[in-house]
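Chemist: If you scroll down you'll find the structure; I have some questions about it.
The values are calculated or read from the model by the stated rules, or taken from the named source; none is laboratory data. The shown structure was predicted, so the numbers you read here are calculated from the model rather than taken from an experiment. Note that we place each Cβ from the backbone using ideal geometry, even for glycine, and neighbour counts take in every protein chain shown. What goes into the accessible areas is simple: the full protein's heavy atoms, side chains included, and nothing from ligands, DNA or RNA. Shrake-Rupley method; radii C 1.70, N 1.55, O 1.52, S 1.80 Å.
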Amino acid sequence: QVQLVESGGGLVQAGGSLRLSCAASRGSFSGAAVGWHRQAPGKQREFVATIGRDSSTYYAGSVKGRFTISRDNAKNTVYLQMNTLKPEDTAVYYCNAVRLGLDAWGQGTQVTVSS
């Protein structure tokens, strides 16, 4: 079973940047679409961005133009570059890999943006 491990979260000031990583262990992302989602305190988990197996990308309107998702299949890693961060981006960020027979989630990484 593929396991996903997120990293790269932390505390940053508004306007700053962070790069999140989602690494696959005990397997690979091969053929999987991989997405990032986030959950703020007291709110439902929401979609942030996804990258297809063909590297096509799609973003939530709230992050489009500020976040960039990319993948390195050789390293079994998907990245989320987050620029111009806002306090409302504060949340736990989760990655999710989906393909036939697979629907895996990571444990999440905390991103806190101070004003």
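Chemist: Check which residues have an amide H placed less than 5 Å from Thr90's amide H, if you skip close sequence neighbours.
Modeler: Correct list: Val113.
Chemist: Which residue, Ala24, Ala74, Ala14, has the most motion in a Gaussian network model of the chain that connects Cα atoms within less than 10 Å?
Modeler: Evaluated over the chain, the most mobile residue of the options is Ala74.
Chemist: Sticking with this one: Solvent-accessible area per residue for the stretch 62-115 at a 1.4 Å probe radius, Å²? Please report the intermediate quantities before stating the final value.
Modeler: Working: 2630 Å² over 54 residues.
Ligands and nucleic acids excluded, the figure is 49 Å² per residue.
Chemist: So, one more: Taking only the alpha-carbon positions of the stretch 52-115 and ignoring solvent, what does the Debye formula give for the base-10 log of I(q)/I(0) at q = 0.13, 0.19, 0.25, 0.26 Å⁻¹?
Modeler: Summing over Cα pairs of the stretch 52-115 leads to -0.42, -0.88, -1.32, -1.37.
Chemist: Taking every pair of alpha-carbon atoms in the chain, what share in percent sits in each 10 Å bin, from 0 to the bin with the longest distance?
Modeler: 15, 50, 29, 6, 0
Chemist: Can you give the accessible area of Thr68 in Å² (nearest 10), computed on protein heavy atoms with a 1.4 Å probe?
Modeler: Answer for Thr68: close to 70 Å² accessible.
Chemist: While we're looking at this one, here's another question. Where the only charges are on Cβ atoms (+1 Lys, Arg; -1 Asp, Glu), what is the dipole of the chain about its Cα centre, to the nearest 20 debye?
Modeler: Values: 12 positive and 7 negative charges, 15 e Å.
In debye, rounded to 20, the chain gives about 60.
Chemist: Normalised radius of gyration for the stretch 1-54, please: alpha carbon Rg relative to 2.2 N^0.38 Å, two decimal places.
Modeler: That works out to 1.33 for the stretch 1-54.
Chemist: Right, next: Not counting the cut sites, what is the longest span of the chain without trypsin sites (Lys or Arg not before Pro) that DSSP labels loop and that have at most 10 other Cβ atoms within 10 Å? Spell out each step's value before the answer.
Modeler: Details: sites that count: Arg26, Lys43.
With a cap of 10 other Cβ atoms within 10 Å, the longest stretch comes to 44-115.
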